[in-house]
1. Could you tell me whether the range 169-192 includes any residue that is modelled with pLDDT of 90 or more and within 14 Å of the chain's Cα centre (by Cα)?
2. Being surrounded by 18 or more Cβ atoms within 10 Å (Cβ to Cβ) and either closer than 19 Å to residue 254 by Cβ or in the same structural domain as residue 255 (by TED's automatic domain parsing) (or both) is true for just one of 109, 192, 166. Which residue is that?
3. Can you confirm whether residue 130 is under 18 Å from residue 197 (Cα atoms) and of a type outside the set (S, T, N, Q)?
4. Please enumerate the residues belonging to the range 110-135 that are without any contact (Cβ under 8 Å) to a residue 24 or more places away in the chain, among the polar types (S, T, N, Q) and touching a strand residue (DSSP E or B) at 6+ places or on another chain (Cβ under 9 Å).
5. With the condition kept exactly as written, say whether any residue in the range 268-276 is modelled with pLDDT of 85 or more, over 22 Å from residue 49 (Cβ atoms) and assigned by TED's automatic domain parsing to the domain that holds residue 162.
6. Suppose we filter the range 195-224 for residues that are modelled with pLDDT of 80 or more and surrounded by fewer than 20 Cβ atoms within 10 Å (Cβ to Cβ); how many remain?
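The values are calculated or read from the model by the stated rules, or taken from the named source; none is laboratory data. Nothing here was measured: the structure is a model prediction, and the numbers come from that model. Cβ placement follows ideal geometry from the backbone for every residue including glycine, while neighbour counts extend to all protein chains displayed.
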Amino acid sequence: MAAVALLLLVVVLVEHNRRLKVAHLHQQALLEAKLERGLQASALAHELRQPLSHLLMQSRLMQCRVESGMANPEAVLEGVQNLQRSAQQIDQLIDTITALLRGQPGQKQPVDLVTLVQELLTSCCAECSLRQIQLHLDLPVEPVVLELNKAQISIAIRNLLMNAQQALLDVEAQHRHLAVTLDQKADQILLQVADSGSGLPSHSLRELMMNSSTANGMGLGLFTVHAIAKHHQGRLMLGRSQVLRGAECSLWLPSCSVNPGTSIDTALPGAPVGIR
């Protein structure tokens, strides 16, 4: 009789523990969902910060010219048109990021990654020169064409470049190096952005996101890159560059639609670590 009672007690305790575990997992899932929504909102704010700042600067400049009496009708019209273009870009950016965070695939088209990287680098070269950053490029001569959502991939690459530039501000001018390489590894394309900064405080994307306390935090930008990579059946890997000794971000994309004639130089070696 005692044995039966003991067995029943064990069964009750096991069932109780099972229910507690299920409840805990359910609560954890709810917290994860809340965290995801919070990160999505923060990522959108992160992407909008720069274009909104540019729009505000344009409006202030036009206001100063009008108040000083220096602006003629043609100049005012030009200023208004610039504001309209900036507003349209912000509107397109919102649509792109919103679709991404909702899991909507968006429209894909053949995109030459070499040309796209060169275009994005052109826009940041002025800042690199101003900040005395030495830029090292290792890009192929031939096109590397993939089926991509161009707007999303542009956001991802721009984020990697901006993070690298930001990391170099804490380094002495003569030691500021930023390297961008593009390579083909088996059936994948690898885009790497490395810098000579102090490196990432963690190779865990989750930890970087949790430690991003501001709208322009590095973790939020990397979260956006990770989401875009995942959307393209790719992945983002974080590590330390063996050459520059700073952070190294590796964006991997499937090469199923690569131009067969593509030839790519060897990329800088690194030590990427997968997202945990």
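1. yes
2. One residue alone meets the criteria, 192.
3. Details: under 18 Å from residue 197 (Cα atoms): yes; of a type outside the set (S, T, N, Q): yes.
So residue 130 fits the description; yes.
4. Listed by number, the residues that qualify are 118, 129.
5. Within the range 268-276, not a single residue is modelled with pLDDT of 85 or more, over 22 Å from residue 49 (Cβ atoms) and assigned by TED's automatic domain parsing to the domain that holds residue 162.
6. 2
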